[in-house]
Amino acid sequence: MKYYVKTFGCQMNEHDSQILAGILDNYTDEVMEVGSEKNELTEDIWQADIIVVNTCCIRESAETKILGYLGSLKKYKTANPNVILVVCGCMAQESGAKERIKKRAPHIDIIFGTFNLPKLQDYIREYRHYRQFIYDVTETPGLEKAVLPVHQDIQAFKGKVNIIYGCNNFCAYCIVPYVRGRERSRSIAHILDEVKAIAAAGGKEVMLLGQNVNSYGKDFSDGGCHHFATLLEEVSKVEGIERIRYMSAHPKDFYVELIDTIAALPKVCKHFHLPLQSGCNQTLKDMNRGYTTEQYWHILEAIRKKIPESSITTDMIVGFPGESESDFQETLAFVDNCAFDDAYTFLYSPRTGTAAAKREDQLPEEIKNQRLQQLLEIQNKHSLANNQKLVGKEQLVLVEGKSKNNQSVWTGRTDTNKIVNIPAAIGEIDYTGMFMPVKITTAKTWYLTGEFIR
Ligand code: SAH
Ligand code: SF4
Ligand code: F3S
């Protein structure tokens, strides 16, 4: 049997898809006599017997795109009525999703939510036997205790590991706590097993995943807040792993001692992604973010003082309900001061069920768009200026492969997560997965260019 997996959304979803693929690699169904067949991931959707769509609902635009995609799957079912169409992930878990999906894509066979990843085999087996639509968004406990197979990435030099599921923060705009449930940390032993497996398969970089990695272990019996630091120390001991990244860290829990831990661990990348969302205290309060701009600034200063070579990136939302022109001006001024290396900027999107969606002071789209442009202008200036500081310097780059757009260019990342493009060296060694010293020659807003140092 062949299966195809399409993923929308964040790195967590990408990793969940690797697990879904891992489960399908191991799928057996003796009654249907496919148990002996080897199940295989295919890149060609027309070849697939099972199509899995792992969805996101963080913004309305994501949902619109996904609903369109689900509608378009009809042609595969028409061509092959035996194909099984599966929808899972955050959008599947949302209330009312079943109706919305069925209305737009009645051909979908199985819809299941974020708590039920381990049951994918059962659903498929059941569907093959009864040929009846399956819908399951039960909040089944125990996901964090499950040991699930992970499909080996083609980019085997990099791997991802979930360390904590869910979120307790309920930022006023955000749907994640509703579709991913409360925080549940995985055991250090399970995490280390997965990191070691990545290293054993040739992995050099690991990304530790969670909606708020700083909350890692707060749900353990001692309730301590040191567990994330301990985890970084333990993962650092895994031989073969040279770079450790994590995503996302919440500024409200980013205490200064953690910066010391990171500074002392050479394998932990000196890249801090700290979503700011707004640079205005009133808006931050309305967003329920749990910190002020002063507290955020304190962390920023501490990072830059203790680790001057670090890069700092952020997420920003413009047009949150009630954000006045002067609130927004405060945000612009604060972002200008922060001088981030990069920012992911979003137009506020109301999500049904969240606190902010109920507010009556929603802003018109054209104001949101104008603000986004203003914010981008300031941020782009800093992205470029920060990148320019690296021109002439040497950076250690983990080469990820040839550039997608240009086969005569290698591309990789610095420890600080900056993209470096390197015109391909003649002689054709495959540098993929290798750490290479690179001299930076030019800087653009979004990437650097360099040459291998011989
Ligand atoms: N847990 C992560 C965020 C995950 S969502 C964290 O707190 O850092 C990624 C980003 O999407 C958020 O940081 C936020 O900037 C954006 N986002 C979330 N909900 C949104 C909404 N309703 N509208 C617009 N952007 C949103
Ligand atoms: Fe959403 Fe806030 Fe949780 Fe991040 S911390 S997932 S933005 S509720
Ligand atoms: Fe990620 Fe989207 Fe869910 S951003 S957590 S896949 S809503």
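The values are calculated or read from the model by the stated rules, or taken from the named source; none is laboratory data. Fair warning: this is a prediction, and the values are worked out from it, not measured in the lab. Using ideal geometry, Cβ is built from the backbone for each residue, glycine included, and neighbour counts are taken over all protein chains shown.
Summary of computed values
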item	result
Subset tally (residues that are more than 22 Å from the chain's Cα centre (by Cα) and assigned to a loop (DSSP other than H, G, I, E, B)) for segment 106-120	4
Scan of segment 231-256 for residues that are over 16 Å from G210 (Cβ atoms) and not in a strand (DSSP E or B), ordered by number	E233, S236, K237, V238, E239, G240, I241, E242, Y255, V256
Answer residue from segment 1-24, given it is of a type in the set (F, W, Y) and more than 16 Å from ligand 3 (Cβ to nearest atom) and is surrounded by the fewest Cβ atoms within 10 Å (Cβ to Cβ) among those	Y4
Test result for G353, in contact (Cβ under 8 Å) with a residue 12 or more places away in the chain, in the same structural domain as L284 (by TED's automatic domain parsing) and surrounded by fewer than 15 Cβ atoms within 10 Å (Cβ to Cβ)	yes
For A333: the one exception among (1) of a type in the set (A, V, I, L, M); (2) under 26 Å from the mean Cα position of the chain (by Cα); (3) surrounded by fewer than 21 Cβ atoms within 10 Å (Cβ to Cβ); (4) over 26 Å from C90 (Cα atoms)	(2)
Breaking point among (1) part of a helix (DSSP H, G or I); (2) farther than 15 Å from T313 by Cβ; (3) touching a residue at least 24 places away in the same chain (Cβ under 8 Å), for E377	(3)
Helices (runs of 4 or more DSSP H) (entirely within segment 12-99) containing at least 1 residues that are closer than 22 Å to K119 by Cα and within 16 Å of ligand 2 (Cβ to nearest atom)	90-93
So T114, is it touching a residue at least 12 places away in the same chain (Cβ under 8 Å) and of a type in the set (S, T, Y)	yes
Single unsatisfied condition, E60 versus (1) surrounded by fewer than 16 Cβ atoms within 10 Å (Cβ to Cβ); (2) closer than 30 Å to Y344 by Cβ; (3) modelled with pLDDT under 95	(3)
Residue identified as within 16 Å of ligand 2 (Cβ to nearest atom), under 17 Å from the mean Cα position of the chain (by Cα) and not charged (D, E, K, R) among L276, L284	L276
Residue in segment 159-168 that is under 21 Å from the mean Cα position of the chain (by Cα), polar (S, T, N, Q) and more than 16 Å from ligand 3 (Cβ to nearest atom) present	no
In segment 193-219, residue nearest to ligand 1 (Cβ to nearest atom) [restricted to those that are part of a helix (DSSP H, G or I) and in contact with a Gly (Cβ under 6 Å, 6 or more places away or on another chain)]	I198
Answer residue from segment 255-313, given it is closer than 30 Å to S324 by Cα, acidic (D, E) and out of contact with any Ser or Thr (no Cβ under 9 Å at 6 or more places or on another chain) and is surrounded by the fewest Cβ atoms within 10 Å (Cβ to Cβ) among those	E294
